[in-house]
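Visitor: My questions will all concern the structure given below.
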Amino acid sequence: MSKPSAKQEIDQLIEKIEYYNEQYYQNSISEISDYEFDVLLKKLEKLEQEYPEFRYSYSPTLRVGGSITKNFPTFVHKYPMLSLSNTYSEQELQDFDKRVAKGLGGEPFEYICELKFDGVAISITYENGILTRAVTRGDGTKGDEITNNARTIKSLPLRLKDHFNLPQIFEVRGEVFMPRDVFLKLNEERIAAGEAALANPRNTASGTLKMQDASIVASRQLDCFLYGLLSDDDIVETHEEAVLWLEKMGLNVSPTWKKCADISEVMDYIHYWEKERLKLPLDTDGIVIKVNRYAQQKRLGFTAKSPRWAISYKYKAENTSTRLLGITYQVGRTGAITPVAELEPIQLAGTTVKRASLHNANEISRLDIRVGDFVFVEKGGEIIPKVTGVDLEARDPALQKLEYISHCPECGTALVRKEGEAVHYCPNSLGCPPQIKGRIQHFIHRNAMDIDSLGERTIAMLYEKGLVKNVADLYRLKYDDIYALEGFKEQSTRNLLDGIEASKNMPFANVLFALGIRYVGKTVAEKLVFAFGNIDRLMTAGLAELCDVPEIGDRIAESLVDFFSDGENRALIEDLKNSGLQFSASQMQKVLDSEALQGKSFVISGVFKTMSREELQKKITDNGGKLLSGISGNVNYLVAGENMGPAKLEKAKKLNVNIISEEDFLNLLKN
Ligand code: IVH
């Protein structure tokens, strides 16, 4: 390809991707599938690799990360990032209103009310319509430049539409946040990887923006709402016009703002959103009230710390007290013990609360909590309710001081507590039932081996019958073993067997994650696969070599070395290898040859004339097809070679699967 035509193709691809991105994030319309979108992105990525001179700062390929920032440079804000004075009282809002009225000498004025988003304040600069800088609030005067990380936020345009009359340079202000469902999923994955749960979406968003590896930031799916415009040019005269202008530029503005004619309308807004805000996909902790007209804002001016033309009203974190009925202890997959407060059920922020985590023994002694106590339970920015204290005045003096358990509630083994750690562990990893079942559950999780036909109840039955004592036993299950289980019929038995069989095609990163090595979550597993390629290289890597991989620190490296030095674990890996699981990355992030087989699933069987089985498998996946190992209702084509098994053929016929020859397959590719 000539240089000018490469540039032209790159320009066109960027425009296309920007268009679909805007449709998706601004207008909630998916005109193309995720897969088709990825293909466009991969094409662009490939061209940019070949022609680095056409790699633009606004290229959508930057959204997937790829850059590593060791130190974030400090940047002095052109316009300082102010804070707001807060109040929890409606009376103080009335006082604020009186001060504003007085300051404006009786002249009429209006307010804009917005929600106070609980995230990380950010300032973004656009120059000639291109996002050139993103800086955190820092101390308000100077913050950290985190541009590469901000570029991964998909709803944030990297280039604004050029048909608007844009000022040469301007800044927008807003809040970066992690949507609640993304946070919950991330925590679920962390717990599955044996890592500590993150406290709340705000801290997580803040920590994520400061991560070195932009591709991890991209995987964290941050989002942002913009609520401010700053420029030396007078673009608009009121805050309302500013917000509408931002929206028109394609910047993400929360539709929750409202213009209020007076303070009583502000009060209505506050009351309306008090409950309604809990339905939003992100945490909010109050509202912000701003005088609408800029000229009036200017006349009101600032105190030492904050503007006189704005204030925030914070909602009180809902809290209540209830009786502690008892404490139970949960044993996790890694043997970690979590004490849980069992509470007399109580209504809190719209849900019934029956249980709250007490974290660990230190937390219990800090609270000096006793069974029978009345405890304060709070639901603030956090999602899981927490016990914040004990109502000592209501305490019955007869209540006994609490003794933390010394033995595992499930298997009776003496608990251990590693130096410097707050959590107790049950060390009996090979004999403690919830640990064994927990590991199997983790293994089949959708981010791991994705055996969705296997549920918690079935795992419990298989374990109790002695059929499955570790994950490798799953691959030895026979038709009759499963058929004999309560609730299983012919079809469900076959589905489960097919699911187990199909899991053998799961990529190495999934297998590595599925092993349940402490601190090895999905993203870490992907990094390791990328760096080492196969299990043998990974197993022989030393601490230093492991730490050389981006984002792999001492803690993860030590956990890996520990895991692989255990003979039982090595035997398990050998066992799984013999069952045919993927322990090497065969085709890492490659661009597809074509999309001819997209959305189609294949099973191959027998021997082929013009190519080996491996070549045929590769042709299927390289052209967008999915390879399954067993015949099921999900299979579109069975590619039949010579000497194929009669049972497979029979089953395919029964399930109406298209049975095609090698030639038919090659024709399919051509079309
Ligand atoms: S306006 C001078 N609007 O609250 C005006 N801030 O306490 C300054 N925040 O640092 C900001 N939602 O992080 C504004 N709709 C909103 C907001 C908002 C959240 C945060 C922001 C700021 C802090 C000020």
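Visitor: Does L244 count as closer than 30 Å to E421 by Cβ and open to solvent by 20 Å² or more (accessible area, probe 1.4 Å)? First the steps, then the outcome.
Guide: Numbers: closer than 30 Å to E421 by Cβ: no; open to solvent by 20 Å² or more (accessible area, probe 1.4 Å): yes.
Here the answer is no, as L244 does not meet what is asked.
Visitor: Separate question: List every residue pair whose Cβ atoms sit under 7 Å apart, with the two residues 6 or more apart in sequence or on different chains, where the first one lies in the stretch 293-312 and is closer than 20 Å to I263 by Cβ and the second, anywhere, is modelled with pLDDT under 95 and of a type in the set (S, T, Y).
Guide: What qualifies is S306/S83; S306/S85; I311/S85; I311/T87.
Visitor: OK, next. From K478, K577, K527, K489, which residue is among the basic types (K, R) and under 25 Å from the mean Cα position of the chain (by Cα)? Break it down into steps so the answer makes sense when it comes.
Guide: Values: K478 fails: under 25 Å from the mean Cα position of the chain (by Cα); K577 fails: under 25 Å from the mean Cα position of the chain (by Cα); K489 fails: under 25 Å from the mean Cα position of the chain (by Cα).
It is K527.
Visitor: Is it the case, given these coordinates, that L497 is touching a helix residue (DSSP H, G or I) at 6+ places or on another chain (Cβ under 7 Å) and closer than 22 Å to K577 by Cβ?
Guide: Values: touching a helix residue (DSSP H, G or I) at 6+ places or on another chain (Cβ under 7 Å): yes; closer than 22 Å to K577 by Cβ: yes.
Answer is yes for this residue.
Visitor: Something else: Only one of T338, T322, T334 is in a strand (DSSP E or B), among the polar types (S, T, N, Q), surrounded by 16 or more Cβ atoms within 10 Å (Cβ to Cβ) and under 30 Å from the mean Cα position of the chain (by Cα). Can you tell me which? Break it down stepwise before answering.
Guide: Numbers: T322 fails: under 30 Å from the mean Cα position of the chain (by Cα); T334 fails: in a strand (DSSP E or B).
Going through T338, T322, T334 in turn, the sole match is T338.
Visitor: What is the one condition in (1) touching a helix residue (DSSP H, G or I) at 6+ places or on another chain (Cβ under 8 Å); (2) outside any loop (DSSP other than H, G, I, E, B) that Y58 does not satisfy?
Guide: The one condition Y58 does not meet is (2).
Visitor: In addition: Output the qualifying pairs, or none if there are none: Cβ atoms under 8 angstrom, residues six or more apart or on different chains, first residue in the stretch 488-504 and in contact (Cβ under 8 Å) with a residue 40 or more places away in the chain and under 17 Å from R457 (Cβ atoms), second residue part of a helix (DSSP H, G or I) and among the hydroxyl-bearing types (S, T, Y).
Guide: Once the first residue is in contact (Cβ under 8 Å) with a residue 40 or more places away in the chain and under 17 Å from R457 (Cβ atoms) and sits in the stretch 488-504, its partners that are part of a helix (DSSP H, G or I) and among the hydroxyl-bearing types (S, T, Y) give L496/T458; I500/Y475.
Residue-by-condition table, conditions (1) within 16 Å of the ligand (Cβ to nearest atom); (2) modelled with pLDDT of 90 or more; (3) among the charged types (D, E, K, R):
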{"residue": "E175", "(1), (2), (3)": "yes, yes, yes"}
{"residue": "K185", "(1), (2), (3)": "no, no, yes"}
{"residue": "I191", "(1), (2), (3)": "no, no, no"}
{"residue": "E195", "(1), (2), (3)": "no, no, yes"}
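Visitor: What helices (runs of 4 or more DSSP H), lying completely within the stretch 543-632, carry at least 3 residues that are open to solvent by 80 Å² or more (accessible area, probe 1.4 Å) and at negative phi? Show your work before the answer.
Guide: Values: elements: 543-547, 554-565, 567-578, 613-622.
Fully inside the stretch 543-632 and qualifying: 554-565, 567-578, 613-622.
Visitor: A follow-up question, please. Contact list please: Cβ distance under 9 Å, first residue in the stretch 217-234 and more than 16 Å from the ligand (Cβ to nearest atom), second residue of a type in the set (D, E) and at pLDDT below 95, pairs at least six apart or on different chains.
Guide: S219/E526
Visitor: Now for a different question. Please work out which one of (1) closer than 26 Å to N292 by Cα; (2) without any contact (Cβ under 8 Å) to a residue 60 or more places away in the chain is the condition F177 fails and give its number.
Guide: Condition (2) is where F177 drops out.
Visitor: Another question, then. Out of the stretch 653-671, which residues are surrounded by 12 or more Cβ atoms within 10 Å (Cβ to Cβ) and under 39 Å from the mean Cα position of the chain (by Cα)?
Guide: Answer for the stretch 653-671, where residues must be surrounded by 12 or more Cβ atoms within 10 Å (Cβ to Cβ) and under 39 Å from the mean Cα position of the chain (by Cα): L655, V657, N658, F665, L668, L669.
Visitor: Okay, moving on. List the residue pairs whose Cβ atoms are under 9 Å apart, where the first residue sits in the stretch 239-253 and is free of Cβ contacts under 8 Å to residues at least 40 places away in the same chain, the second is among the small types (G, A, S), and the two are 6 or more positions apart or on different chains.
Guide: Qualifying pairs under 9 Å: A242/G228; V253/G174.
Visitor: Can I ask one more? Hey, among A205, A199, which residue is within 15 Å of the ligand (Cβ to nearest atom) and closer than 29 Å to T334 by Cβ? Before the answer, list the steps.
Guide: Values: A199 fails: within 15 Å of the ligand (Cβ to nearest atom).
That would be A205, the only listed residue that is within 15 Å of the ligand (Cβ to nearest atom) and closer than 29 Å to T334 by Cβ.
Visitor: Going by the structure shown, is I327 surrounded by 15 or more Cβ atoms within 10 Å (Cβ to Cβ), within 16 Å of the ligand (Cβ to nearest atom) and either β-branched (V, I, T) or assigned to a strand (DSSP E or B) (or both)? Break it down into steps so the answer makes sense when it comes.
Guide: Numbers: surrounded by 15 or more Cβ atoms within 10 Å (Cβ to Cβ): yes; within 16 Å of the ligand (Cβ to nearest atom): no; either β-branched (V, I, T) or assigned to a strand (DSSP E or B) (or both): yes.
Against the criterion (surrounded by 15 or more Cβ atoms within 10 Å (Cβ to Cβ), within 16 Å of the ligand (Cβ to nearest atom) and either β-branched (V, I, T) or assigned to a strand (DSSP E or B) (or both)), I327 does not qualify.
Visitor: Only residues that are closer than 23 Å to G580 by Cα and more than 31 Å from the chain's Cα centre (by Cα): list them for the stretch 430-465, please.
Guide: L462, Y463
Visitor: Next question, about the same structure. Given the conditions (1) modelled with pLDDT under 90; (2) open to solvent by less than 30 Å² (accessible area, probe 1.4 Å), and given that K305 satisfies all but one, which numbered condition is not satisfied?
Guide: Exception for K305: condition (2).
Visitor: Where the second residue is within 14 Å of the ligand (Cβ to nearest atom) and open to solvent by 70 Å² or more (accessible area, probe 1.4 Å) and the first is farther than 27 Å from R159 by Cβ and of a type in the set (S, T, N, Q) and lies in the stretch 132-143, which pairs have Cβ atoms under 7 Å and are six or more apart or on separate chains?
Guide: Short answer, once both residue conditions are applied: T141/P80.
Visitor: Of the residues that sit in the stretch 247-260 and are open to solvent by 60 Å² or more (accessible area, probe 1.4 Å) and in contact with a Phe, Trp or Tyr (Cβ under 8 Å, 6 or more places away or on another chain), which one is nearest to the ligand (Cβ to nearest atom)?
Guide: So in the stretch 247-260, the residues open to solvent by 60 Å² or more (accessible area, probe 1.4 Å) come out as 247-248, 255, 258-259.
Add one more test, that the residue is in contact with a Phe, Trp or Tyr (Cβ under 8 Å, 6 or more places away or on another chain), and what stays is 248, 258-259.
Values: K248: 19, K258: 12, K259: 14 Å.
Among residues in the stretch 247-260 that are open to solvent by 60 Å² or more (accessible area, probe 1.4 Å) and in contact with a Phe, Trp or Tyr (Cβ under 8 Å, 6 or more places away or on another chain), the one nearest to the ligand (Cβ to nearest atom) is K258.
Visitor: Another question about this same structure. Is there a residue in the stretch 381-401 that is open to solvent by 40 Å² or more (accessible area, probe 1.4 Å), farther than 23 Å from I191 by Cα, modelled with pLDDT of 95 or more and aliphatic (A, V, I, L, M)?
Guide: Taking every residue of the stretch 381-401 in turn, none turns out to be open to solvent by 40 Å² or more (accessible area, probe 1.4 Å), farther than 23 Å from I191 by Cα, modelled with pLDDT of 95 or more and aliphatic (A, V, I, L, M).
Visitor: Let me ask something additional. Tell me, please, whether a residue that is more than 16 Å from the ligand (Cβ to nearest atom) and either open to solvent by 30 Å² or more (accessible area, probe 1.4 Å) or out of contact with any helix residue (DSSP H, G or I) (no Cβ under 6 Å at 6 or more places or on another chain) (or both) can be found in the stretch 310-317. Outline the logic, then answer.
Guide: Within the stretch 310-317, the first condition is being more than 16 Å from the ligand (Cβ to nearest atom), and the residues that meet it are 316-317.
Narrowing the set further to residues that are either open to solvent by 30 Å² or more (accessible area, probe 1.4 Å) or out of contact with any helix residue (DSSP H, G or I) (no Cβ under 6 Å at 6 or more places or on another chain) (or both) leaves 316-317.
Yes, some residue in the stretch 310-317 is more than 16 Å from the ligand (Cβ to nearest atom) and either open to solvent by 30 Å² or more (accessible area, probe 1.4 Å) or out of contact with any helix residue (DSSP H, G or I) (no Cβ under 6 Å at 6 or more places or on another chain) (or both).
Visitor: Residues that are among the hydrophobic types (A, V, I, L, M, F, W, C) and more than 14 Å from the ligand (Cβ to nearest atom), at least 1 per element: which strands (runs of 3 or more DSSP E) completely within the stretch 70-145 meet that? Full working, then the answer.
Guide: Details: elements: 74-76, 111-117, 120-127, 130-136, 142-144.
Qualifying strands (runs of 3 or more DSSP E): 74-76, 130-136.
Visitor: Further question on the same structure: Going through the stretch 66-108 one residue at a time, which ones are open to solvent by 40 Å² or more (accessible area, probe 1.4 Å) and either touching a Leu at 6+ places or on another chain (Cβ under 6 Å) or of a type in the set (A, V, I, L, M, F, W, C) (or both)?
Guide: Residues satisfying the conditions are I68, F75, V76, Y79, L82, L84, G103.
Visitor: If we only count helices (runs of 4 or more DSSP H) wholly inside the stretch 179-220, which ones have 1 or more residues that are among the hydroxyl-bearing types (S, T, Y) and open to solvent by 30 Å² or more (accessible area, probe 1.4 Å)?
Guide: Numbers: elements: 180-192, 201-209, 214-219.
Because the criterion is at least 1 residues that are among the hydroxyl-bearing types (S, T, Y) and open to solvent by 30 Å² or more (accessible area, probe 1.4 Å), the helices (runs of 4 or more DSSP H) in the stretch 179-220 that meet it are 201-209, 214-219.
Visitor: Would you say Y51 is open to solvent by 50 Å² or more (accessible area, probe 1.4 Å) and aromatic (F, W, Y)?
Guide: Values: open to solvent by 50 Å² or more (accessible area, probe 1.4 Å): no; aromatic (F, W, Y): yes.
So Y51 fails the test.
Visitor: Here's another thing I want to ask about it. When both residues are 6+ apart or on different chains and their Cβ atoms are under 8 Å apart, which pairs have a first residue that lies in the stretch 42-63 and is touching a residue at least 12 places away in the same chain (Cβ under 8 Å) and under 14 Å from Q12 (Cβ atoms), and a second that is assigned to a loop (DSSP other than H, G, I, E, B) and not acidic (D, E)?
Guide: Taking only residues 6 or more apart or on different chains, the pairs are K43/V591; L44/S59; E48/R55; E48/S59; S59/L158; P60/L158.
The values are calculated or read from the model by the stated rules, or taken from the named source; none is laboratory data. As the structure is a computational prediction, the values presented were derived from the model and not from experiment. Glycine gets a Cβ as well: all are built from the backbone with ideal geometry, and neighbour counts include every protein chain shown. The area values use the complete protein model at the heavy-atom level, side chains included, leaving out ligands, DNA and RNA. Shrake-Rupley method; radii C 1.70, N 1.55, O 1.52, S 1.80 Å.
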